[in-house]
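Some notes on the structure that comes next.
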Amino acid sequence: MKTIKLLAIACISAITFASCSDDNPTPTNEEEVITTMRITLTPVGGGSDIVLESQDLDGDGPNAPVVTGGTLSANTTYNATIVLLNETEDPAENITTEVAAEAEEHQFFYTATGINPTFTYTGANDSNGNPVGITFSLASGSAGTGTITVTLRHEPNKDASGVSDGNIANAGGETDIEVTFDITVQGTVIAV
């Protein structure tokens with residue numbers, strides 16, 4: 001008889017615990033899928049656009065991203081615009097609009113190796129007056145060969161030293177996407 005009572009108590013306890021489960025779990029904020037970064041560089045004063053692009057249609061799959069660099073003219077200023085896409089969707093989802101809508105939580109950073117361009121944030125700032133960097137200008141500098149790396153940080157510390165000027169060293173946050181493009185800066189050929 002004692003065994004039956006203990007078994008009944010155990011069953012009632014199990015039913016009670018099962019019915020108390022949380023029916024309203026906390027929603028998670030999933031990261032956006034970014035398959036493509038496209039940067040269009042338009043020379044100030046005229047000329048053909050240069051398009052830098054990284055496309056990784058299988059995401060973390062076995063295929064490496066296809067990265068297309070470009071050739072810039074020396075001592076030329078370019079106006080640049082970044083577009084981020086999720087091309088796993090049909091039609092492709094423009095992630096750039098979400099970055100703009102969540103401007104306080106995002107910032108692009110630009111660095112160069114082997115060449116000496118100057119980057120300047122342009123376009124709209126976030127509501128605190130800090131840059132986002134969807135648009136920027138690039139002054140190409142002197143001739144050479146190297147790379148330009150473009151990084152999008154999620155929740156950087158925009159008040160940290162140098163961050164609003166584009167220094168990624170103190171930014172913190174998480175990297176949403178980072179792409180390194182091969183770049184050639186060509187000088188003007190003078191006929192003799």
Here's a check for you: in region 26-67, which residue that is exposed (fewer than 13 other Cβ atoms within 10 Å of the Cβ) and among the polar types (S, T, N, Q) is modelled with the highest pLDDT?
Ser48
Pairs under 7 Å by beta carbon, first residue over 16 Å from Glu32 (Cα atoms) and modelled with pLDDT of 95 or more in region 102-120, partner in a strand (DSSP E or B) and charged (D, E, K, R), six or more apart or different chains?
Phe109/Arg153
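Restricting to region 121-145, what's the tally of residues that are free of Cβ contacts under 8 Å to residues at least 40 places away in the same chain and at positive phi?
Filtering region 121-145 for residues free of Cβ contacts under 8 Å to residues at least 40 places away in the same chain gives 123-132.
If we keep only those that are at positive phi too, we end up with 123, 129.
Selection size over region 121-145: 2.
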Per the filter on region 151-165, residues under 14 Å from the mean Cα position of the chain (by Cα) and not hydrophobic (A, V, I, L, M, F, W, C) are Thr151, Arg153, His154, Glu155, Pro156
If Phe109 satisfies every condition in (1) within 20 Å of Gly59 (Cβ to Cβ); (2) surrounded by 15 or more Cβ atoms within 10 Å (Cβ to Cβ) but one, which is the exception?
(1)
Looking at region 126-142, which of its residues are buried (at least 16 other Cβ atoms within 10 Å of the Cβ), outside any loop (DSSP other than H, G, I, E, B) and over 16 Å from the mean Cα position of the chain (by Cα)?
Ser137, Leu138
Take Thr145 and tell me if it is among the hydroxyl-bearing types (Ser, Thr, Tyr) and surrounded by fewer than 15 Cβ atoms within 10 Å (Cβ to Cβ).
yes
Over region 143-173, the set of residues within 20 Å of Asn125 (Cα to Cα) and in contact with an Asp or Glu (Cβ under 9 Å, 6 or more places away or on another chain) is Val150, Thr151, Leu152, Arg153, His154, Glu155, Pro156, Lys158, Gly172, Gly173
In region 148-184, how many are free of Cβ contacts under 8 Å to residues at least 24 places away in the same chain and part of a strand (DSSP E or B)?
1
Residues (exposed (fewer than 15 other Cβ atoms within 10 Å of the Cβ) and not aliphatic (A, V, I, L, M)) located in region 148-177:
Thr149, Asn157, Asp159, Ser161, Gly162, Asp165, Asn167, Asn170, Gly172, Glu174, Thr175
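The values are calculated or read from the model by the stated rules, or taken from the named source; none is laboratory data. All values derive from a computational prediction rather than experimental measurement. Quick reminder, even Gly has a Cβ in these numbers, built from the backbone with ideal geometry, and neighbours come from all protein chains shown.
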